[in-house]
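Read-outs throughout are calculated quantities, based only on the coordinates presented, and are distinct from any laboratory measurement. This is a predicted model, so every value here is computed, not measured. Methodologically, a virtual Cβ is constructed for each residue, glycine included, from the backbone with ideal geometry; neighbour enumeration extends over all protein chains shown.
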Amino acid sequence: MRRKIFHKDRLALTISVALGATALPQVLMAQQADVGSLEEVTVTGIRGSLTKSMDVKRDSDGIVDAISAEDIGKFPDTNLAESMQRISGVSIDRVNGEGSKVTVRGIDPEFNLVTLNGRQLARTTGGRSFDFQNIASEMVTGVSVAKSSNALVPSGGIGSTIDLLTARPLEIGERRINFAAKGVMDESSEDAGITPEYSGFYSETFADGKIGVAISASVAERESGSQQALVGTGWRSFEGTADNTNSWGGVPQDNQVNRPGPSDVYSVPQTTIYKFEEQQRKRTNGQLVLQWAPTDDVTATMDYMYYANDISKQHNDISAWYNFVPSENVWTDGPVASPLIYSETFDAPTDLSMAAGGGEEAYRGESIGINLEWQVSDRLALEFDAHHSDAERRPDSPWGSSFNLSTAAFIRTQSATDFTEELPALYVDNGNSVQPSDMRVTGSVFGNSRDYSEIDAFRFSGNFELNESSDIDFGISSQEVTNHSQSINVQRNAWGGVGAEGDFDDSFFPADSIQDKFDIATGDFSEVDGISAGDIQDVYFAWDFEKVRARAEELYGADLEAGFIGDCGTQFCASTDYSQDVDRTTTEKTTSLYAQYNFESELTTGFGSMPYDIHFGLRYEDTEVDSKSAAATYAAADWIADTEIALLGSGERAFLSQTGSYDYWLPSVNVNVELRDDLVMRAAASQTIGRPDYDSIKGGTVVGSLANQQGGSGSAGNPNLLPLESVNFDLSLEWYYGESSYVSAGWFQKEISNFITQSKVESTIFELANPTDGARYDEARAAVGTSDARLIREYIFANYGDTALVDPASGVISGDPATDNLLVFTIDTPTNSDRDETIDGLELAVQHMFGDTGFGVIANYTKVESGLEYNPFLLEDQEALVGLSDSANLIGFYDKNGLQARIAYNWRDDFLNSRGQDTGANPKFTEAYNQIDLNVSYEVPQVDGLQVFLEGLNVTDEYAREHGRAQKQVLGVYQGGPRWQLGARYAF
């Protein structure tokens, strides 16, 4: 069998030599007489875990980084994603302040393959990315991040293949029991209290080491919150020549300060929102591993993993929606201009919205696998592996997986947003004098969506030794991945308000002026630069969702609009009748064949011998895609508010079945040379693929149930999409100059093609008459002399109110098939582009121990560059790379005499996180973010195996920020808070 060049017994050998040099002669003679009785010295704690991780890196066949179980446990992190961000080139996306998805070398999470013991896991995300919030770090013994590829690795990871490793009792070889408990206090929550986390592990062997069992479990609860300042829906962008006479949303030529010129582009905000959210999370993990080794040559393993993650959210918000009436604004300079002040004045009072809602979802997943290893002879080893994994995301509330009920006071005659500082400041005239009696129930959405993913796979593989210096790995595998997604929205479009004064008394809308939330100095946004003086909106009713919903249903539940009805019989709850709306299933079947030739030898030079090994591999993969879809169809379009056109469902669905296929030959080569005993050079080249995301290959066309004067929007999948193709080159140099110290430098290049981009197709699907494009509308606009939607609607109500298609009482104008043009939908369809692009990157890392002082430091930096960058001046969709950014880590630690301490600084530069907003092809950029985490632990000397610890995350209370085409075009400011964890571990 293939042997490893880089032996890992150097530590034991060094210790033996040191003992021999200092011991008495008779002791030395005894040791020499019985060398086999020497025991290897085990280094534990932070230093031991870092040594293990370094050994994995050094002994790998390619470019690999790793973290060990001790390392994971000692990082002050909530989950594996947060642990992995300490590795060079690894960055994470956070959800509610917690690590969720992983980007490697600037490659989007959709194109990084995550496996469990080499097996692909089913997803709860609806896509290919894996959500690490579902798995506690206590569930794994290590993580391997392979940045170069070989033929043995399944395809799909252009950036990396991340393998989560679990315990194997026969490898542990002894009884091991440990458990831990901690209390967590998250300062981001208004109800910050202490929530519990528990974990335990048991491993034992029986029958003289032939049978092994390992059981682990973890339960974690978390209460958290966030404060968010948002420009909901996003920004609308225009060429400088566009104004309110030719573009809905465009600004006038007059009453502007420093108005964008004809050669500029500019953007306007759709709304301004302050949102305050609370979240409760309970995560449960369990794992069972059984092993049986009847002989030294045969080992059978069965492992099962289960996770449950229940997340509940509640929010209140206050917002002002801009209707794009004539506005007066102050602008930045071009060429990409943004409003410093955006303001609108209304002829009649419009709404100041205060909404409440939330979401409740249950995430479930399990994985079961059977593995059989057989050492047939000294030269032949065979392995069979079978695996089933499934996962789902489902609603967990009668109100839906997400729900929102809006109320409003119709008192706003003018509003403005100040964008000069980091935090957008909302000003509303009369807003701070609003009373509970002013509030009316308006629109609502109760949405249900769920995803189910299932994977069935098997693999037969082997290794055949040709001679002492070469062998061949070979194998065949088959995998079927099924993804099923369903959704249905129960939506009331009563945005003009319902009911009358007296429907709700002060008990429903408590007359509280919660000014501290908006006080820039002391409130919830105190860490963000903002406006500290003036008439910023600071009256806010944090009303009870359950109470107001029940009262609204009592008063208005019988007033059903056209559309779906909830399970409660009204439109004030969610529906689980998914057969009425969107239902999509995609199945991928992949068959793979692979072989890899491995050769090792030594080069003899004038400087001595240099061991090296080479690995030539070829993998063939054939994939078939089958997509089936059912989507709602629509019968009519109603103009229900100034800026909104509601689509009325026909009660029928359209069914579609589409197929696609592709196959690839994927070659790879990895070369490793030990230039000196402590210096390793590696080179690698490979071709890899990244499969299209599941949303892009789902068949069928889905449109939004609300359109506007510009038309409707929708999306259609394309099962014939080809994967991204990447030709990869790696070169690295690693210097292992100390027992647990090393320096490494690496260069990588990825030549990527087959980028997936969006093509826009205008369609009159459903053939709906557009009430804002026809004879009535043209007559009204000519009569009032403006494109002000409110005035046009008033004219139509006054002059056509007695016709069948105009209902002044309900504020609805229906499309007239006889006189109105058809409503045009802009359908986004993914396609492969013919553009190629290259990513170049540099990775630097150092790990250094300061002798026997107990102090050490880890530092790494990753620089990535690409010519495929987003140009904010261009208004069409672009083939830009999402997630590409530089990153760095700096970690200092101390480990000696039972005391361990670590402080970790993580930084990620700004990056493009999306090429689209809800307003269309407008970019989203995440700004540079840094965070400091720490932990301290102490091994209690009076109780062997007991360790107490304190952990802190985001201890400096950093906030995150997103913007659009320019930094002043804020999309979101997200303020969380520090999180502290105090607990104990006990092992025996």
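Given labels modelled 7 Å from the Cα in the Cβ direction, how far is it in nm from LEU560 to ALA809?
It is 1.9 nm.
Using each residue's phi in segment 478-484, evaluate 6.51 cos²θ - 1.76 cosθ + 1.60 at θ = phi - 60° and report the 3J(HN,Hα) Karplus result to the nearest Hz, with x for Gly and Pro.
3J(HN,Hα) across segment 478-484, in whole Hz: 9, 9, 10, 10, 10, 10, 10.
Which GluC sites (Glu not before Pro) in segment 100-182 sit in a loop by DSSP (not H, G, I, E or B) and have at most 16 other Cβ atoms within 10 Å of their own Cβ?
Details: sites: GLU110, GLU138, GLU171, GLU174; in loops: GLU174.
Hits after loop and neighbour filter: GLU174.
Give me PHE564, PHE988 ranked fewest to most by other Cβ atoms within 10 Å of their Cβ, as a rough exposure proxy. Walk me through the intermediate numbers first.
Values: PHE564 21, PHE988 10.
Ordered by Cβ neighbours within 10 Å, fewest first: PHE988, PHE564.
Specify the angular offset, from 0 to 90 degrees and rounded to the nearest 10, of the alpha carbon long axis of helix 45-58 from the longest principal axis of the alpha carbons in the chain.
Compared with the principal axis, the helix lies near 90 degrees.
What shape does segment 83-149 take by its C-alpha gyration tensor, where a ≥ b ≥ c are the square roots of the eigenvalues and a/c under 1.5 counts as rounded, a/b above b/c as prolate, and the rest as oblate? Intermediate results must be reported in sequence, preceding the final value.
Values: a/c = 1.11, a/b = 1.04, b/c = 1.07.
Rounded shape, in that the Cα axes give a/c under 1.5.
Could you work out how far the C-alpha centroid of segment 668-725 sits from that of segment 157-230, in angstrom?
Answer, in whole Å: 31.
List the residues, sorted by chain then number, that are 5 or more residues from GLY234 or on another chain and whose placed amide H is less than 5 Å from its amide H.
For GLY234, the qualifying residues are GLN270, THR271.
Once you order the gyration tensor axes a ≥ b ≥ c over the Cα atoms, which shape class does segment 642-709 get: rounded for a/c under 1.5, otherwise prolate or oblate by comparing a/b with b/c? Before the final figure, lay out the partial values.
Numbers: a/c = 7.28, a/b = 2.84, b/c = 2.56.
Prolate, since a/c reaches 1.5 and a/b exceeds b/c.
Based solely on C-alpha atoms, express the radius of gyration and the Dmax of the chain in angstrom.
Final numbers for Rg and Dmax: 31.1, 115 Å.
Determine the shape class of segment 528-680: with a ≥ b ≥ c the square roots of the Cα gyration tensor eigenvalues, call it rounded for a/c under 1.5, and otherwise prolate if a/b is greater than b/c, oblate otherwise.
Numbers: a/c = 4.27, a/b = 1.97, b/c = 2.16.
It is oblate, given that a/c is not under 1.5 and a/b is not larger than b/c.
Ranked highest first by the average count of other Cβ atoms within 10 Å around their residues, in what order do 775-784, 643-652, 156-165 fall? Don't skip to the answer; put the middle values down first.
On the way: 775-784: 16.6, 643-652: 18.4, 156-165: 24.1.
With the highest mean Cβ count within 10 Å placed first, the list reads 156-165, 643-652, 775-784.
If I stretch the segment between LYS282 and GLU739 completely, what's the gain in nm (0.36 nm per residue apart, minus their alpha carbon distance), one decimal?
On the way: separation 457, 0.36 × 457 = 164.52 nm, distance 4.11 nm.
Full-extension gain reported as 160.4 nm.
For the pair LEU844 and THR604, what calculated FRET efficiency results from E = 1/(1 + (r/R0)^6), where r is the Cβ-Cβ distance and R0 = 30 Å, to the nearest 0.05? Could the numbers behind the result be given before it?
Numbers: r = 32 Å, r/R0 = 1.06.
E(calc), rounded to 0.05, equals 0.40.
Among the lysines, which have Cα under 24 Å from the Cα of LYS547 when same-chain residues fewer than 8 positions away are ignored?
Reachable lysines: LYS275, LYS313, LYS517.
Put +1 on the Cβ of every Lys and Arg and -1 on every Asp and Glu Cβ in the chain; which of ALA409, GLY660, HIS315 then has its Cα farthest towards the positive end of the dipole?
Going by the Cα projections, it comes out as GLY660.
Specify the angular offset, from 0 to 90 degrees and rounded to the nearest 10, of the alpha carbon long axis of helix 10-22 from the longest principal axis of the alpha carbons in the chain.
The two axes meet at around 50 degrees.
Counting helices only, and only those DSSP H runs with n ≥ 4, report the 222 nm mean residue ellipticity of the chain as the sum of -39,500 (n - 2.57) divided by its residues, in deg cm²/dmol to the nearest 500. It would help to have the intermediate numbers written out before the result.
Numbers: 10 runs with 89 residues, N = 988.
Result for the chain: -2500 deg cm²/dmol, rounded to the nearest 500.
Quickly work out the PHE655-to-ASP918 label distance, labels modelled 7 Å from Cα along the C-beta direction, and quote it in nm with one decimal.
3.3 nm
I need the peptides 350-358, 872-880 ranked by packing, meaning the mean over residues of other C-beta atoms within 10 angstrom, with the highest value on top.
Working: 350-358: 22.2, 872-880: 15.4.
Top to bottom by mean Cβ count within 10 Å: 350-358, 872-880.
Ranked by Cβ crowding within 10 angstrom, fewest neighbours first, how are ASP816, ASP396, ASP852 ordered?
Details: ASP816 19, ASP396 15, ASP852 7.
The fewest-first ordering by Cβ neighbours comes to ASP852, ASP396, ASP816.
Working out 0.36 nm times the residue gap between ALA984 and GLU421, then minus their Cα-Cα distance, what length gain in nm do you get to one decimal?
198.3 nm
Please give the charge dipole size of the chain, origin at the Cα centre, charges +1 on K and R Cβ atoms and -1 on D and E Cβ atoms. Round to the nearest 20 debye.
Working: 71 positive and 150 negative charges, 350 e Å.
The calculated dipole for the chain is roughly 1680 debye.
Return the loop-located chymotrypsin sites (Phe, Trp or Tyr not before Pro) in segment 606-685 (DSSP other than H, G, I, E, B) with at most 13 other Cβ atoms within 10 Å of their own Cβ; answer none if there are none.
PHE607
If the viscosity is 0.692 mPa s and the temperature 37 °C, what Stokes-Einstein diffusion coefficient in µm²/s follows for segment 298-339 when Rh is the Kirkwood radius over Cα pairs?
Values: Rh = 17.9 Å.
Here the translational diffusion coefficient equals 184 µm²/s.
Angle check, please: helix 789-800 long axis (alpha carbons) against the longest principal axis of the chain (alpha carbons), in degrees 0 to 90, nearest 10.
Taking Cα atoms only, the helix is inclined about 40 degrees.
Which residue, ASN954, GLN967, SER601, has the largest displacement toward the positive end of the dipole of the chain when charges sit on each Cβ (Lys, Arg +1; Asp, Glu -1)?
With unit charges placed on the Cβ atoms, the residue in question is SER601.
Of GLY815, PHE797, THR786, which is farthest along the charge dipole of segment 763-843 in the positive direction, counting Lys and Arg as +1 and Asp and Glu as -1 at C-beta?
After comparing all options, I get PHE797.
At most 14 other Cβ atoms within 10 Å and a DSSP loop assignment: could you name the chymotrypsin sites (Phe, Trp or Tyr not before Pro) in segment 394-430 that fit?
none
Could you calculate the FRET efficiency of TRP374 with THR633 from 1/(1 + (r/R0)^6), where r is the beta carbon distance between them and R0 is 51 Å, rounded to 0.05?
Numbers: r = 57 Å, r/R0 = 1.11.
After rounding, the FRET efficiency stands at 0.35.
From the phi of every residue in segment 973-988, what ³J(HN,Hα) in whole Hz does the Karplus formula 6.51 cos²θ - 1.76 cosθ + 1.60 yield, where θ is phi - 60° and glycine or proline is x?
Taking θ as phi minus 60°, the curve returns 10, 10, 9, x, x, x, 10, 10, 9, 10, x, 9, 10, 9, 9, 7 Hz for segment 973-988.
Would you calculate the separation in nanometres between label points at ALA783 and SER478, each defined as 7 Å from the Cα along the Cα-to-beta-carbon direction?
Taking the simple label geometry, ALA783 and SER478 are separated by 7.0 nm.
Of the peptides 443-455, 181-193, how do they stack up when ordered by the mean number of other Cβ atoms within 10 Å, highest first?
443-455, 181-193
List LYS275, LYS57 from most exposed to least, where exposure is judged by having the fewest other Cβ atoms within 10 Å.
Values: LYS275 18, LYS57 23.
Going from least to most buried by this count: LYS275, LYS57.
Can you run phi through the Karplus equation (6.51, -1.76, 1.60; θ = phi - 60°) for segment 810-822 and list ³J(HN,Hα) in whole Hz, with x for Gly and Pro?
9, x, 10, 10, 8, x, 10, x, 7, 10, 9, 6, 6
Between SER507 and ASN430, what FRET efficiency comes out of the Förster formula 1/(1 + (r/R0)^6) with R0 = 25 Å and r the beta carbon distance, rounded to 0.05?
According to the calculation, E is roughly 0.60.
Evaluate the Kirkwood expression for the hydrodynamic radius of segment 654-801, namely the inverse of the mean inverse distance over all pairs of different C-alpha atoms, and round to one decimal in Å. Walk me through the numbers before you get to the answer.
On the way: mean 1/r = 0.0460 Å⁻¹.
After inverting the mean inverse Cα-Cα distance, the result is 21.8 Å.
Taking segment 165-248, how much of its Cα-Cα pair set, in percent, is spaced more than 17 angstrom apart?
71 percent
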